[in-house]
Amino acid sequence: MCMCHIVICSLPCSTGFSHIISQKFLKNAITQTADAVLDRMERVTYTDWFDAECEQATTKKNSAYKRMQERNHTRKAVEENRTARKEEKRVHKWKKKIFIEQELKELECLRNNNESKSYQKLNKSRKDFQPRTILCRNKEGMLLSEEDDILRRWAEHFDELLNTELPHQNIISQETCHVLPAKDEPIPTLDKVNNAI
C-alpha cells in the first residue's frame, strides 16, 4: 500500500467517492493547493552586461580550450586558446564598461529627480554577483550538479517518500476505508472534498 492510498482511505466516502482516486488526481489537487497557498515566485532576471555577444565569445573560448586539450597542447592549439581567451576578456571588459557608464548616467538622473530610488539603485550596484548554484546530494552523499541528475534524484526521493510501506499499514484494510457518517452531519460531496484538499 502506498502513502497516497492511506491518504485516500482516510478521506470520507460518498456515493461518487467510494473508489480509490488516481495518483494523477491527488497530484493535481496538491499542486493546485500549493500554488494557491504558497504562490509562485518567478526568478528575477537583471539586464546586466553579459549578453549574446559575450556568450558567443565565451563559447568560442571554451571550444578552443577543449580542442587544445584534445590535441595534447600542441603549439597551434595553445595559441588558438590564448587568442580566444584574450578576445573573450576584451569583449567582457568592453561590455562591462559600457554597462557601468549607462548605470552611472541613470544614477545621476535619478539623483537629480528622486533621491530614494537613486539610493536603492546605488545599493543594488554595490552588491557583487552571486551565481545561483543548484546542487543536490545523491543517496551516497555525492553532489549532483547536472540538471537531469538532480531531477532524477528528486523523482527518486518523492517516489521513496510516497510509495514506502509504513509499519501500521497491515492494520489498515478495506473495512477501515468505509467511514460511517455522523448522525447529524450529511455525507460530503465530491466538490466539498476537492475544496478541502
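Every number in this text was worked out from the coordinates using simple rules, so none of it is lab data. Predicted, not measured: the structure shown is a model, and the values here were computed from it. With ideal geometry, Cβ positions are generated from the backbone for all residues, glycine too; neighbour counts draw on all protein chains shown.
Could you please tell me the mean projected area of the C-alpha convex hull for segment 52-126, averaged over all directions and given in square nanometres to one decimal?
That works out to 5.8 nm².
Taking the number of other C-beta atoms within 10 Å as the exposure measure, put 157, 92 in order starting with the fewest.
157, 92
Report the full-extension gain for the segment residue 50 to residue 29: residue separation times 0.36 nm, less the Cα-Cα distance, to one decimal in nm.
3.5 nm
Full-extension gain between residue 127 and residue 190, please, as 0.36 nm times their residue separation minus the C-alpha to C-alpha distance.
Length gained between residue 127 and residue 190: 17.5 nm.
Mind sorting 25, 158 by how few other Cβ atoms lie within 10 Å of their own Cβ, fewest first? Please list the in-between numbers first.
Working: 25 14, 158 10.
Sorted ascending by nearby Cβ count, the order is 158, 25.
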